[in-house]
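The values are calculated or read from the model by the stated rules, or taken from the named source; none is laboratory data. Being a predicted model, the structure only gives us computed values, none of them experimental. Cβ placement follows ideal geometry from the backbone for every residue including glycine, while neighbour counts extend to all protein chains displayed. Protein only, heavy atoms only, side chains kept; ligands, DNA and RNA dropped before computing areas. Shrake-Rupley method; radii C 1.70, N 1.55, O 1.52, S 1.80 Å.
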Amino acid sequence: MDKFKVIIVEDVPLELKGTEGIIRNDIPEAEIVGTAENETAYWRLMKNAAVDLVLLDLGLGGSTTVGVEICRQTKQTYPAVKVLIFTGEILNEKLWVDVLDAGADGICLKSGELLTRGDVAAVMSGKRMVFNQPILEKIVDRFKQDVGARLLHQEALVDYEIDEYDERFLRHLALGYTKEQITNLRGMPFGVKSLEKRQNELVQKLFPGGNRGMGVNATRLVVRALELRILDIDNLEADEE
């Protein structure tokens with residue numbers, strides 16, 4: 001790894017000291033040209049120093065949005081500068097998404113293995129989406145959950161013999177569409193009476209043993225479709241009308 005210059009943005013003195021120690025002990029190629037505890041100090045440094053990497057904490061002064069905006073403006077103003085997030089926001093997944101959208105080159109959580117030479121080297125070599133082990137574990141876990149949910153959804157469609165029109169019909173019922181509105185969807189070749197017949201057939205498929213002697217309306221049918229994973233609650237979107 002070639003020599004490079006870095007600015008550390010951190011507002012907690014003890015954590016700043018720890019980060020400086022990691023860099024000086026493990027990454028001798030890095031020259032710390034300055035540290036900043038807030039946005040004003042950061043931009044002052046950026047104007048007066050040639051920088052290759054910004055090591056950016058997100059929780060500055062109790063605000064998480066400041067760090068995201070620093071990242072966004074840095075990538076817009078200095079596109080060649082790498083921005084590696086080093087944050088204690090270990091539970092705020094929405095914040096991770098926001099800062100990646102803002103152009104961050106990677107995220108390292110302040111837990112587990114912390115910041116490693118390998119993480120910094122990866123960013124400086126031009127890699128994007130560099131994550132340390134703690135955040136990778138969370139990403140992989142979420143990925144496995146997502147894949148598992150998709151497989152259950154596909155299996156449910158097969159097991160209950162749900163075709164494309166059944167799925168579209170149920171999905172739009174879940175979104176609050178009336179049968180009249182569903183008939184107006186592009187590529188939906190059914191009238192209201194045909195949809196009523198289809199609804200009755202779906203009731204037979206999804207409640208083969210009946211519903212404890214009670215009738216099944218559209219709402220109960222949709223809830224059952226969600227329970228069986230025929231509908232994916234995270235992907236309920238309307239088709240074009």
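Some values worked out for this structure:
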item	result
Read-out Cα extents along the principal axes in Å, derived from the coordinates shown; its label in (i) 51, 44, 40; (ii) 73, 32, 31; (iii) 52, 52, 29	(ii)
Residues ARG117 and ALA80, FRET efficiency given R0 of 22 Å [Cβ-Cβ distance, rounded to 0.05]	0.50
The range 55-133 - convex hull of the alpha-carbon atoms, volume per residue in Å³	79
Inverse of mean 1/r across different Cα pairs in the range 3-101, Kirkwood, Å	13.6
Relative contact order, percent, the chain [alpha-carbon distance under 8 Å, six or more residues apart]	13
Degrees separating the helix 133-159 axis from the principal Cα axis of the chain, which is the longest one	10
With Cα atoms, 0 to 90° folded angle of helix 164-174 axis to the chain main axis	80
Estimated dipole of the chain in Debye, rounded to 20 [Cβ of Lys and Arg +1, of Asp and Glu -1, Cα centre]	260
Pairs of alpha carbons in the range 1-54 whose separation is greater than 15 Å (percent)	44
Accessible surface ranking that places the most exposed of ARG212, ARG220, ARG229, ARG150 first, with a 1.4 angstrom probe	ARG212, ARG150, ARG229, ARG220
Dipole magnitude (debye, nearest 20) for the range 74-178, charges at Cβ of Lys, Arg, Asp, Glu	780
Dipole in debye (nearest 20) - the range 122-221, about Cα centre, beta carbon charges: Lys, Arg +1; Asp, Glu -1	340
Average projected area [Cα convex hull, the range 114-238], square nanometres	11.3
Inter-part distance where the range 111-152 and the range 167-228 are each reduced to a Cα centre, Å	40
Heavy atoms of MET129: accessible area, 1.4 Å probe, square angstrom to 10	100
Carbon + sulfur, % of accessible area of the range 22-156 - ligands and nucleic acids excluded, 1.4 Å	52
Most to least accessible of GLU93, GLU31 (protein chains only, probe 1.4 Å)	GLU31, GLU93
Selected from ILE107, VAL222, PHE131, residue furthest toward positive end of dipole (the chain; charges at beta carbon)	VAL222
Positive-end residue, the range 40-127 charge dipole about Cα centroid, Cβ charges, pick of THR64, ASN92, PRO79	PRO79
Nearest-10 value in Å² for the accessible area of TYR78, using the 1.4 Å probe	70
Beta bridge orientation in the chain: antiparallel %, DSSP, nearest 5	5
For the range 118-241, accessible area per residue (1.4 Å probe, heavy atoms of protein chains only), Å²	63
